[in-house]
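The values are calculated or read from the model by the stated rules, or taken from the named source; none is laboratory data. From a predicted model like this one, the values you see are computed outputs, not experimental measurements. Reconstructed Cβ throughout: ideal geometry from the backbone, glycine too, with neighbour counts over all protein chains shown. For the accessible areas, the whole protein counts, side chains as well, though only heavy atoms, and no ligand, DNA or RNA atoms are used. Shrake-Rupley method; radii C 1.70, N 1.55, O 1.52, S 1.80 Å.
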Amino acid sequence: MGGIAVCPGSFDPITNGHLDIIKRGAKVFEQIHVVVLNNSSKKPLFTVEERLALIKDVTKEIPNVTVASFQGLLVDYANQVNASAIIRGLRAVSDFEYEMQITSMNRVLNDKIETFFIMTNNQYSFLSSSIVKEVAKYNGKISELVPPSVEKALINKFLG
Ligand code: PNS
């Protein structure tokens, strides 16, 4: 398909589910800008710098992926990097209403940018940053849910 796409999120922290969406998006689009944005309804565990460092580490082998953060609207960032597409992962029906709302809002703000959804692999359909943090907090096994550097960062955060 080609073109430049933005893959936005809180990424607090990046999980194997996010990584799967990024990798699959990178096969379809020429360039993917993974961007850490602020979700005003969430209180992040990791700083923006920490989240950026983890995303950079786990995407370093994917040549057409760049990583950035942005304080502002997603559509403004997309405009800034000449992206014509937004990629979001979709896990289950429960994601639909929220995704529909932000997609519609983004279209009202800029109707030249199209949002594309990639269905999550079945093995990650239950996975979210929140559930990973919950398990990590109580010292549960997360090695199959996040890349090794993210596992280390979570253990450091919760268990010092
Ligand atoms: O990983 P998340 O928390 O589901 O990602 C949501 C995110 C960060 C993409 C969304 O909150 C966002 O786009 N924030 C930036 C502000 C913005 O553009 N808001 C308008 C669309 S709701």
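Annotations
- All positions within region 43-74 that are farther than 18 Å from Asp20 by Cβ and either in a strand (DSSP E or B) or of a type in the set (Gly, Ala, Ser) (or both): Ala53, Thr66, Ala68, Ser69, Gly72
- Among the residues of region 114-132, those identified as without any contact (Cβ under 8 Å) to a residue 40 or more places away in the chain and in contact with a strand residue (DSSP E or B) (Cβ under 7 Å, 6 or more places away or on another chain) are Glu114, Thr115, Phe117, Met119.
- Of all the numbered requirements in (1) more than 26 Å from Glu50 (Cβ to Cβ); (2) in contact (Cβ under 8 Å) with a residue 24 or more places away in the chain; (3) within 17 Å of the chain's Cα centre (by Cα), Phe96 misses one, and that requirement is (2).
- Checked against the criteria, Ala85 does not count as open to solvent by less than 60 Å² (accessible area, probe 1.4 Å), touching a Leu at 6+ places or on another chain (Cβ under 7 Å) and not basic (Lys, Arg).
- Taken over region 75-91, the criterion of being part of a helix (DSSP H, G or I) and either acidic (Asp, Glu) or over 18 Å from Ala5 (Cα atoms) (or both) is satisfied by Asp76 alone.
- Residue list for region 1-48, restricted to those being near the ligand (Cβ under 9 Å from one of its atoms) and either under 21 Å from Asn156 (Cβ atoms) or open to solvent by 40 Å² or more (accessible area, probe 1.4 Å) (or both): Ser10, Phe11, Asp12, His18, Val36, Asn38, Ser40, Ser41, Lys42
- Ser94 vs. criteria in a helix (DSSP H, G or I) and more than 11 Å from the ligand (Cβ to nearest atom): yes
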